[in-house]
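Before any comments, here is the structure.
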């Protein structure tokens, strides 16, 4: 899986932004992996000095001083964003190279080797004729669920399973059924790139 970096500037206060900016400058200085930075290290260092001065002036300064600090903060944020984009392009998903830039790696989604089997499947008639409501529990690594139905008892021989629907939640209402007729249902959990085994089969009869 390709790695990525994050910058997380949204809730970063000016002093923290300054420290982060100086960290990135230090990590990029002398780093041969990034020879064509969108802003030179000399200009980045000068901008860092400007931010430090603006932060100090705004502490007990006027509204004009605070407005100037905020303007410099926006400049630094823009430089960090374009620098992060450049780093991503140069590293092409290589985690080891990305970390040399000083930017933190983005958290990788948790991977699962196996998709679980839906448990506690229930099939209940609703107040609407021709409907059966299916419910089941949480399932490991499931992103979606495929609902399968049959019109013959699978314990008595070969059964044809048809897809009744696909949902991301743990419930589904099957419609258009023949009232009082027996139907059999099972749920299959779908992961990122594979699917699990079918759940236990349940019997449902619509009203």
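A few comments on the model shown:
- Test result for residue 56, more than 15 Å from residue 13 (Cα to Cα), in a helix (DSSP H, G or I) and either free of Cβ contacts under 8 Å to residues at least 40 places away in the same chain or assigned by TED's automatic domain parsing to the domain that holds residue 192 (or both): no
- Scope region 46-84; condition closer than 14 Å to residue 22 by Cα and modelled with pLDDT under 95; matching residues: none
- On inspection, residue 115 passes the criterion of being under 30 Å from residue 204 (Cα atoms) and not assigned by TED's automatic domain parsing to the domain that holds residue 189.
- Residue count for region 167-207, restricted to those that are closer than 16 Å to residue 135 by Cβ and under 24 Å from the mean Cα position of the chain (by Cα): 7.
- Flag not set for residue 197, criterion: exposed (fewer than 15 other Cβ atoms within 10 Å of the Cβ), out of contact with any helix residue (DSSP H, G or I) (no Cβ under 9 Å at 6 or more places or on another chain) and part of a strand (DSSP E or B).
- Any hit, region 65-74, residues being touching a helix residue (DSSP H, G or I) at 6+ places or on another chain (Cβ under 9 Å), closer than 16 Å to residue 38 by Cα and surrounded by 13 or more Cβ atoms within 10 Å (Cβ to Cβ): no
- Residue count, region 9-34 (criterion: in a loop (DSSP other than H, G, I, E, B) and free of Cβ contacts under 8 Å to residues at least 12 places away in the same chain): 6
- Residue check, residue 37 at pLDDT 95 or above, farther than 19 Å from residue 169 by Cα and assigned to a loop (DSSP other than H, G, I, E, B): yes
- If the condition is being assigned to a loop (DSSP other than H, G, I, E, B) and surrounded by 19 or more Cβ atoms within 10 Å (Cβ to Cβ), then region 185-194 contributes only 191.
The values are calculated or read from the model by the stated rules, or taken from the named source; none is laboratory data. Model, not experiment: these values are computed from the prediction. FYI the Cβ positions are ideal-geometry reconstructions off the backbone, even for glycines, and counts take in every protein chain you see.
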